[in-house]
Ligand SMILES: Nc1nc2c(ncn2[C@@H]2O[C@H](COP(=O)(O)OP(=O)(O)O)[C@@H](O)[C@H]2O)c(=O)[nH]1
Ligand SMILES: [Mg+2]
């Protein structure tokens, strides 16, 4: 049955607030704990290893449920997840995006999924959870999503978040020795000097606290075990290690950090704009422009017409 009232409400109101992220680019989803300066009261200062492990594990479980997730960076009460909606191997041009890039869906499902995983895991990591939850209620996270059009800016994004982690850790370490008033207006070198005067060296703190943590998809092959349901026989098969926590991440601006970051971030398949440029060098080339639409082909994988993609 036609629902004309429903159609009109959707057309005039609901659909007009639907926003979609542009396709074939990098998407960053940042998830942040709401009012965590209060929620974390009672946890160890300047850092709580159990809380960090809880954030790492939540992020790992979250990433395994997100289509197109590549890696995630976490520090303090926040996580930045990198998603792609293209096939880095260049085999397919028409890949899909998580919720087709629908911003409201990405933010609402992202926040509720992360929140529920976190609250589900909290008891395994933090002692006296019952007490914590009674006093504070369950943790809540917000989510924002946006696109970054090029790979170098994605690298710069992660550098920005890591700089924030480093600044936060110096400040937290200083606040654990001095009052707010004593730390007020001091820059990071001055705060480090003040920490030093208390007999501690900020450089000696754990890497996870100083630089944050990375979660990534480890493609290294490992042996998995399963039971053949029909025969009951145990079988071994090869599978990737899967979502993993990187033990001690490098400083991203260092040579090691840069190489590592670029080995993680997939490159957008290159498309040659020259007509019929069938060299092996680039992933795709334009084979023809017909009826005002360019058709793209791959030497390795054949034709895929961009005009066949959904545009509405
Ligand atoms: N005790 C403790 N607190 C932490 C730890 N990591 C993050 N936090 C807290 O989480 C807050 C996160 O900062 P921010 O998102 O700006 O504050 P919010 O707006 O209150 O969530 C920090 O200010 C810390 O108070 C930790 O390891 N131990
Ligand atoms: Mg927060």
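Laboratory data are not the source of any read-out in this text; all were calculated from the coordinates shown. What you see is a predicted model, and the numbers here were worked out from it, not measured in a lab. Here the Cβ is made from the backbone with ideal geometry for all residues, glycine too, and neighbour counts use every protein chain on show.
Quick notes
- Highest to lowest packing among 113-122, 152-161, 3-12, scored as the average C-beta count within 10 Å: 113-122, 152-161, 3-12
- In this simple spin-label model, placing a label point 7 Å from the Cα along the Cα-to-Cβ direction at both residue 291 and residue 188 gives a separation of 5.6 nm.
- A Förster radius of 22 Å combined with the Cβ-Cβ distance from residue 235 to residue 263 puts the calculated FRET efficiency at roughly 0.10.
- 0 to 90° range, to nearest 10: angle between helix 255-264 axis and the chain longest Cα axis: 40 degrees
- Computed across the chain, the Kirkwood radius stands at 22.8 Å (inverse of mean 1/r, all Cα pairs).
- Treating each Cα of segment 107-170 as one equal point scatterer and applying the Debye formula with no solvent, the log10 of I(q)/I(0) at q = 0.15, 0.28, 0.29 Å⁻¹ comes out as -0.74, -1.04, -1.06.
- Length gained when the stretch residue 299-residue 172 is fully extended (0.36 nm per residue, less Cα-Cα span): 40.3 nm
- Mean residue ellipticity (222 nm) of the chain, computed from DSSP H runs ≥ 4 via -39,500 (n - 2.57), nearest 500: -10500 deg cm²/dmol
- Angle between the chain longest axis and helix 103-125 axis [Cα atoms, degrees, rounded to 10]: 40 degrees
- Springs between Cα atoms under 10 Å define the GNM used for the chain, and in it the highest mean-square fluctuation of 164, 128, 218 occurs at 128.
- Computed from Cα atoms, the angle from the helix 49-63 axis to the main principal axis of the chain rounds to 10 degrees.
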